[in-house]
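Scroll down for the structure; my scribbles are underneath it.
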Amino acid sequence: TNGHLFCDGCIRRYVAEELFANQKSVIKCMSTDGCQDVIKEKHLRRVLPSKVMDRLKEARYVAALEKEGYRLCECPKCGAIGQVKKKRN
C-alpha cells in the first residue's frame, strides 16, 4: 500500500489481530505514518493462510450484509445460516 513494505510474518500477525481481536473486515495499511490505504486482496492472498483469508472474506460478507440492513442467523437445530432483514425501529 502506497509503497510501504512489510515482511510476510508481520502482515500475518497484523491481519490476525485486526480480524480476530479488533473485528475489522477492512484491513488498512499498518504504516505508522498515518496512511489509511486499504491493503489490496491480491497482496493479502499472497501471504495469508487460506483459513485466515476465508475468515476475512466471511467478515467482509457479513459487513456488507449489515450495511444493507441484514444479519446472519444460525438455526439452533442444524447450524444452517440464513439472512434476516433487521427490523426498523
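The values are calculated or read from the model by the stated rules, or taken from the named source; none is laboratory data. As the structure is a computational prediction, the values presented were derived from the model and not from experiment. Because the Cβ atoms are built from the backbone with ideal geometry, glycine has one as well, and the counts that use them run over all protein chains shown. Note: accessible area is taken over every heavy atom of the protein model, side chains too, but ligands, DNA and RNA are not part of it. Shrake-Rupley method; radii C 1.70, N 1.55, O 1.52, S 1.80 Å.
The stretch between LEU5 and CYS73 holds 20.6 nm of extra length on full extension. This uses 0.36 nm per residue minus the Cα-Cα distance. Estimated at 0.36 nm per residue, the fully extended path between ALA80 and PHE20 surpasses their Cα-Cα distance by 19.4 nm.
Express the carbon and sulfur contribution to the solvent-accessible surface of the chain as a percent, rounded to the nearest whole number, probe 1.4 angstrom. Walk me through the intermediate numbers first.
Values: 3410 of 6730 Å².
The value for the chain is 51 percent carbon and sulfur by accessible area.
Of the residues ARG55, ARG46, the one with the largest accessible area comes first in the ranking ARG46, ARG55, computed with a 1.4 Å probe on protein heavy atoms. Simple spin-label estimate for SER31 and LYS51 gives 3.3 nm between the two label positions (7 Å along the Cα-to-Cβ direction from each Cα). The residues of region 1-58 expose on average 68 square angstrom of accessible surface per residue, using a 1.4 Å probe on protein heavy atoms. In straight-distance terms, cross-link reach from LYS51 covers every one of the lysines whose alpha-carbon lies under 30 Å from its own, apart from those fewer than eight places away in the same chain; here that gives LYS24, LYS28, LYS40, LYS42, LYS67, LYS77, LYS85, LYS86.
Helix 50-67 and the longest principal axis of the C-alpha atoms of the chain enclose an angle of approximately 60°. One equal scatterer on each Cα of region 25-89, no solvent, Debye formula: the resulting log10 I(q)/I(0) at q = 0.14, 0.16, 0.18, 0.22 Å⁻¹ is -0.60, -0.72, -0.82, -0.97.
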